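In what follows, a structure is listed as structure tokens, so that the remarks can point back to it.
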């Protein structure tokens, strides 16, 4: 066993002549323990909230979305795009036509967005989870229907159980440039609203309707606003995009799920990193308390250092003793804190120890998602700061090494 490591271990667990040294060392280790556990717990909670928010958006956010680089629409009738329908990785290939429109229900009006989708849009199994009223139905043998977002229902007072009143949708006719917008200058249609969905604020103003109805309303017989693709294996989305980019022209933009919700991801990550740096700062303060405890330990072990010097020990060996002791204090506290944080997270996942209150309708307890990279990040952070603090302590311990030789 390394001599300096062996002596450092004896110093760590042996009783000191001055009780304050034990107390300060214990406080330092406790600070690292609490800081490490708090980092694991907080990062896991943020992972949980991120997963929760993104799951709410995932229903209307496909794995891959193809949009025009400029303008609002593009023609999907190209061999390259049509070939994607037969791609073995594609589960759902859906054309979408989307535009702002005037919505009217009784005497109320609201500016919302209509989204025309193909019938395979209903193959999305998550639609049932976001349908809060009525049913997610776009047509049957008799007529076409509309499904509205929660914001549209709130602003227009829509009652999906009313089979008489219809939702009127108005869209300006293309090519008209008169100063007064009369009724004749709008294309219009009326659909019976049969369902209400709720999937985040970005989708609350949507009205989902059949693509054929949207084409007629917007006078757009061929072009689409986007192509939405759902993959059989979501994990290969980036590889799929890299593959099809080789065959696409510069007039189209291909986005994965993160790029479609870039602002949302940026906000979630910025909040997570802000909390991480604040907790890390507190952890740094706790770790640098080690310098104080090791400085007192050097004073307590002056005779031991003098004896070691008399036996031939050099500055390097003495410095290594206190370096290893500082590292052991930090790493023991870190490992214990990480294990405690892991245990708490598992209990929170299983039993929901900390509740979010009765007013929350989505979840009852704080969500937890454990990620291996968080554990590596916390351990690496503690190890890096510990190296710095222990290095400073080691240098201070041999500052008066030559003077200590004379005390033998």
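The values are calculated or read from the model by the stated rules, or taken from the named source; none is laboratory data. What you see is a predicted model, and the numbers here were worked out from it, not measured in a lab. When we count neighbours, we look across all protein chains shown, and the Cβ atoms used for this are built from the backbone with ideal geometry, even at glycine.
Data for the structure
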| read-out | value |
| --- | --- |
| Residue count for region 62-107, restricted to those that are under 31 Å from the mean Cα position of the chain (by Cα), within 30 Å of residue 162 (Cα to Cα) and crowded, with 17+ Cβ neighbours inside 10 Å | 4 |
| Pair list, Cβ < 8 Å and 6+ apart or interchain, from region 164-178 residues that are under 19 Å from residue 111 (Cβ atoms) to residues that are modelled with pLDDT under 90 and assigned to a strand (DSSP E or B) | 170/186; 171/186; 172/186; 173/186 |
| Residue 112 vs. criteria within 27 Å of residue 54 (Cβ to Cβ), surrounded by 18 or more Cβ atoms within 10 Å (Cβ to Cβ) and free of Cβ contacts under 8 Å to residues at least 60 places away in the same chain | no |
| Close pairs from region 242-254: first under 17 Å from residue 77 (Cα atoms), partner modelled with pLDDT under 85, Cβ under 7 Å, at least 6 apart | 254/244; 254/245; 254/248 |
| Out of 305, 287, sole residue that is assigned to a helix (DSSP H, G or I), under 17 Å from residue 4 (Cα atoms), modelled with pLDDT under 85 and in contact with a helix residue (DSSP H, G or I) (Cβ under 9 Å, 6 or more places away or on another chain) | 305 |
| Residues of region 331-361 satisfying the condition of being at pLDDT below 85 and either closer than 19 Å to residue 295 by Cβ or assigned to a helix (DSSP H, G or I) (or both) | none |
| Odd one out for residue 135, checked against (1) out of contact with any helix residue (DSSP H, G or I) (no Cβ under 7 Å at 6 or more places or on another chain); (2) crowded, with 20+ Cβ neighbours inside 10 Å | (2) |
| Positions within region 233-262 being part of a strand (DSSP E or B) and buried (at least 17 other Cβ atoms within 10 Å of the Cβ), in sequence order | 252, 254, 255, 256 |
| Considering residues of region 221-232 that are within 17 Å of residue 78 (Cβ to Cβ) and touching a strand residue (DSSP E or B) at 6+ places or on another chain (Cβ under 9 Å) only, the residue surrounded by the most Cβ atoms within 10 Å (Cβ to Cβ) | 224 |
| Inter-residue pairs, beta-carbon under 6 Å, first on the phi > 0 side of the Ramachandran plot and in region 131-150, second assigned to a loop (DSSP other than H, G, I, E, B), 6+ apart | 134/160 |
| Count - residues of region 115-143 that are part of a strand (DSSP E or B), at pLDDT below 95 and within 23 Å of residue 222 (Cα to Cα) | 1 |
| Criterion (in contact (Cβ under 8 Å) with a residue 60 or more places away in the chain and over 22 Å from residue 216 (Cβ atoms)) met by exactly one of 91, 103 | 91 |
| Filter result for residue 363 (farther than 30 Å from residue 395 by Cβ and touching a helix residue (DSSP H, G or I) at 6+ places or on another chain (Cβ under 6 Å)) | no |
| Region 77-114: number of residues that are assigned to a loop (DSSP other than H, G, I, E, B) and more than 30 Å from residue 150 (Cβ to Cβ) | 5 |
| Test: residue in region 263-284 that is modelled with pLDDT of 80 or more, within 18 Å of the chain's Cα centre (by Cα) and outside any helix (DSSP H, G or I) | no |
| In region 362-379, the residues that are assigned to a loop (DSSP other than H, G, I, E, B) and either under 19 Å from the mean Cα position of the chain (by Cα) or modelled with pLDDT of 85 or more (or both) | 362, 363, 366, 367, 368, 369, 370, 371 |
| Options 5, 13; residue that is at pLDDT below 70 and either surrounded by fewer than 18 Cβ atoms within 10 Å (Cβ to Cβ) or more than 21 Å from residue 354 (Cβ to Cβ) (or both) | 13 |
